[in-house]
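The values are calculated or read from the model by the stated rules, or taken from the named source; none is laboratory data. If you're wondering where the values come from, they're calculated on a predicted model, not measured in any experiment. Please note: Cβ atoms are built from the backbone with ideal geometry, for glycine as well, and neighbour counts cover all protein chains shown.
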Amino acid sequence: MMKMNKWTLGLAAVGLVTIPFTMQAEEKMSQMQTALSSTTISGYVNTSAQWQIGKANGYNPPGYAFNTASKQDGFNMNVVNLTIEKPLDAADSWAAGYKIETLYGPDAVGWNSSFNGAGNSDFGIKQAYVALRAPVGNGLDFKIGTFDTIIGYESFNAGSNPNYTRSWGYTFEPTQHTGLLASYQFCKEIGIAGGVANTANAGINNRSFLTSNKSETDKTYMGAITLTAPDSFGSLAGSTLYGGVVNGFNNGVAGSNMQDGMLWFYGGLTLNTPVKGLKTGLAYDHISNSRSAEGNIGQNYTFNSAGLYVSFQATEKLSFHARGEYVWSNLPHYLAWNTGTAVARNMLALTATVQYDLWANVLSRLEVRWDRDLTGDYYHAFNDADQNAIMVAANIIYKF
């Protein structure tokens with residue numbers, strides 16, 4: 001490629017010389033190649049087959065995230081994820097980048113739709129933000145746009161979780177926020193994050209004051225801290241203790257059970273063990289609301305979930321994962337979501353997963369899950385007024 005010195009470029013800038021078109025095209029191509037050289041494209045295709053044992057009609061299965069009635073007793077294409085990202089350069093104190101993470105398919109329906117957009121599309125924006133770094137101390141990083149919530153043991157991306165199905169804790173946590181998030185790593189062992197967003201619930205460009213009697217200054221605030229065990233901890237090295245809070249207002253949709261002032265508190269522990277391949281985890285979620293919006297008369301709702309995770313990597317390809325979860329709340333005994341699913345006031349959920357990665361880039365697993373309504377009333381929430389719900393699922397995910 002032809003080169004030009006700074007003197008020639010300076011003359012061209014003031015119009016004294018003309019740069020040939022071919023040279024301009026080469027320069028533009030060079031800039032594009034430089035911009036794209038650090039850009040990555042990744043994603044996955046998530047599929048499954050589910051069997052709700054003994055219930056052919058799929059009526060009111062347990063209402064944990066993405067367990068819709070339409071997924072029961074058949075094959076499913078759950079979601080396709082496509083991510084384009086330019087991560088921050090670790091060596092650049094004024095680094096800039098971006099991330100665009102999009103979703104396609106049934107699990108994207110209603111997922112983080114914009115305030116003025118339709119919520120029934122098979123397309124969703126999971127994250128879309130500009131990433132910036134300022135040379136403050138070790139480097140202060142920012143995300144501006146729509147980004148994932150900062151709390152929770154599990155994530156939307158099922159392949160990043162130890163189990164295929166989501167926990168009840170994940171189901172009631174916030175998912176995304178539109179706003180500004182800052183993070184700072186004091187050292188390898190200590191990191192913090194804090195931010196402000198439009199609303200506590202998802203929705204691009206949502207505003208809490210548009211459909212309820214709130215001030216335009218009402219926003220959602222969040223903060224988190226991560227503590228990582230140093231190398232001196234021996235077999236416990238790399239274990240992490242995480243705490244986070246999200247407090248603010250939803251977008252105020254009238255009639256919602258959890259619509260007004262919201263508080264989420266999350267505490268999580270991932271613990272390495274002296275046993276090779278064995279990891280454990282603990283997660284606690286607390287959610288409450290203020291119930292002060294107009295048109296809603298009733299008690300404050302609270303929800304608590306405690307989860308235990310155990311994972312064992314038996315071989316390079318074979319691993320076993322188990323999750324136990326107990327839920328207690330003061331919700332009405334029985335709530336039916338719009339998806340035709342249900343949740344009880346007190347619940348127990350046990351999940352066992354076997355994963356064997358036979359093909360390259362493919363995650364394949366078989367899972368059995370048991371949910372039990374512990375409320376004790378004569379009428380139970382799941383299926384046809386059942387106390388128990390048992391589901392068997394196969395999950396195949398291709399990652400690229």
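Quick rundown of the values:
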{"read-out": "Identity of the residue in the stretch 280-295, under 22 Å from residue 348 (Cβ atoms) and among the hydroxyl-bearing types (Ser, Thr, Tyr), that ends up modelled with the lowest pLDDT", "value": "288"}
{"read-out": "Residue in the stretch 232-247 that is closer than 13 Å to residue 208 by Cβ, of a type in the set (S, T, N, Q) and at pLDDT 80 or above present", "value": "yes"}
{"read-out": "Test: residue 147 is surrounded by 22 or more Cβ atoms within 10 Å (Cβ to Cβ), touching a helix residue (DSSP H, G or I) at 6+ places or on another chain (Cβ under 9 Å) and more than 16 Å from residue 305 (Cβ to Cβ)", "value": "no"}
{"read-out": "Residues satisfying the stated conditions in the stretch 218-234, i.e. of a type in the set (Ser, Thr, Tyr) and touching a Lys or Arg at 6+ places or on another chain (Cβ under 9 Å)", "value": "228"}
{"read-out": "Hey, residue 92 of a type in the set (D, E, K, R) and surrounded by fewer than 16 Cβ atoms within 10 Å (Cβ to Cβ) or not", "value": "yes"}
{"read-out": "Filtered residue count, the stretch 366-382, keeping only those that are at pLDDT 95 or above and over 17 Å from residue 69 (Cβ atoms)", "value": "4"}
{"read-out": "Filter result (under 10 Å from the mean Cα position of the chain (by Cα) and not in a strand (DSSP E or B)) within the stretch 161-202", "value": "170, 173, 174, 175"}
{"read-out": "Qualifying residue in the stretch 124-140 (condition: in contact with a helix residue (DSSP H, G or I) (Cβ under 7 Å, 6 or more places away or on another chain), buried (at least 17 other Cβ atoms within 10 Å of the Cβ) and at pLDDT below 95)", "value": "yes"}
{"read-out": "Residue that is modelled with the lowest pLDDT [pool: residues in the stretch 102-123 that are at negative phi and under 13 Å from the mean Cα position of the chain (by Cα)]", "value": "111"}
{"read-out": "Set 349, 342: member being small (Gly, Ala, Ser) and either at positive phi or at pLDDT below 95 (or both)", "value": "342"}
{"read-out": "Selection within the stretch 296-323 - at pLDDT 90 or above, small (Gly, Ala, Ser) and loosely packed, with under 15 Cβ neighbours inside 10 Å", "value": "314"}
